[in-house]
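The values are calculated or read from the model by the stated rules, or taken from the named source; none is laboratory data. Model, not experiment: these values are computed from the prediction. Virtual Cβ from ideal backbone geometry, glycine too; neighbours counted across all protein chains shown. Each accessible area value is taken on the protein alone, full model and side chains, heavy atoms only, with ligands, DNA and RNA left out. Shrake-Rupley method; radii C 1.70, N 1.55, O 1.52, S 1.80 Å.
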Amino acid sequence: MDDLIARAVEDLASAGKVAALTGAGISTESGIPPFRGKGGLWERFDPMEIAHIDALMRDPAKVWTILVKEMKQIVDTAQPNDAHKGLARLEKMGKLETVITQNIDGLHQAAGNTDVIEFHGTFAWQRCMDCGLKYETSKVDISEIPPRCSCGGILRPDAVFFGEMIPQEALWRSRQIASDCDVMLVVGTSAVVQPAALMPVIAKQNGAKVIEINAERTPLTDEISDYLIMGGAGEIMTRIVAELEQKV
Ligand code: APR
């Protein structure tokens, strides 16, 4: 791993524009379970049953009871870990401009990154399915499930459910940033959900170096990534930033 850390430091030191794509794997060290693989949410629940827009419209109480209540408890207490802090440090060093995240936990902003594209929306806000009014999730009383808006409508997370479109602004900006970057760090994603997993492909097609940091190989590893630094994102990001700080 040492030689790959050194290679990433070289690539970042000589990079102009750097972007990152992150997934649930960057938040597991904050106590938030991933979706796939060991301990993944989709190992316990069928995503089409509780994370598809049709399921939410058909039975909002069930979705709230199973998915949203569990997520709310976890996200309300989760703190940024060393991997989030490493990306925030890179921004401060002028070595990372934008984080495109698939996560809805708000931990990149909490760590200090200032340009975060929430590709799958955010769990920090709930919105009324009738009038569209938004409420901060941390302030929503979930003693009554599903919680309701002052207009009587049912509240839902401001996140993207399966079967829904990616917010247009997020999609457009992400494609732009993927096209323009010289290096894309891809951290903690299984790269199986589209169109998020297309961003590293766009970066590669436009001549960028794609550096994958993940606990396992993914569909990107052989086809798209220049190299995979396999291991825990917290330790790897900490080492990359420490060595980069010596150089710049
Ligand atoms: N360090 C590095 N990688 C890790 C760590 C860690 N500490 N923990 C887990 N991983 C890796 C796993 O090996 C896996 O490859 O992170 C990846 C997490 O993959 P997923 O759980 O599939 O998460 P993600 O890729 O973000 O899923 C994409 O799917 O269900 C939808 O909307 C949901 O945004 C999510 C999307």
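Tabulated values for the structure
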{"read-out": "Normalised per residue, the volume of the convex hull around the Cα set of the chain (Å³)", "value": "114 Å³"}
{"read-out": "D_trans [Stokes-Einstein, Kirkwood Rh over alpha-carbon pairs] for the range 36-151, 25 °C, 0.890 mPa s, µm² s⁻¹", "value": "155 µm²/s"}
{"read-out": "Net charge of neighbours whose Cβ lies under 12 Å from the Cβ of residue 203, counting Lys and Arg as +1 and Asp and Glu as -1", "value": "0"}
{"read-out": "In Hz, Karplus ³J(HN,Hα) per residue of the range 84-101 (6.51, -1.76, 1.60; θ = phi - 60°; x = Gly, Pro)", "value": "4, 5, x, 5, 5, 5, 4, 4, 4, 7, x, 10, 7, 9, 10, 9, 9, 10"}
{"read-out": "Angle in degrees between helix 2-13 and the longest Cα principal axis of the chain, rounded to the nearest 10", "value": "90 degrees"}
{"read-out": "Potential extension, residue 79-residue 42 segment - 0.36 nm per residue separation minus Cα distance", "value": "11.1 nm"}
{"read-out": "Top of 26, 142, 229 by mean-square fluctuation, Gaussian network on the chain, Cα under 10 Å", "value": "142"}
{"read-out": "Straight-distance crosslink candidates among lysines, where the alpha carbon sits under 19 Å from residue 204 and sequence neighbours closer than 8 are dropped", "value": "17, 95"}
{"read-out": "All-pairs alpha carbon distance profile, the range 99-148, 10 Å steps from 0, percent", "value": "24, 44, 27, 6"}
{"read-out": "GNM top mover of 205, 176, 194 - the chain, alpha-carbon springs below 10 Å", "value": "194"}
{"read-out": "Partners for residue 134 among lysines (Cα-Cα distance below 25 Å; same-chain residues under 8 apart left out)", "value": "62, 69, 72"}
{"read-out": "Within the chain, helix-based [θ] at 222 nm, where runs of 4 or more DSSP H residues each add -39,500 (n - 2.57), nearest 500", "value": "-10000 deg cm²/dmol"}
{"read-out": "Over the range 98-232, relative contact order from alpha-carbon pairs under 8 Å, at least 6 apart, %", "value": "17 percent"}
{"read-out": "With every protein chain in place, the chain: carbon and sulfur % of accessible area (1.4 Å)", "value": "51 percent"}
{"read-out": "Pair residue 3, residue 193: separation of 7 Å Cα→Cβ label points (nm)", "value": "3.6 nm"}
{"read-out": "In degrees, nearest ten, helix 168-180 long axis to first principal axis of the chain (Cα)", "value": "10 degrees"}
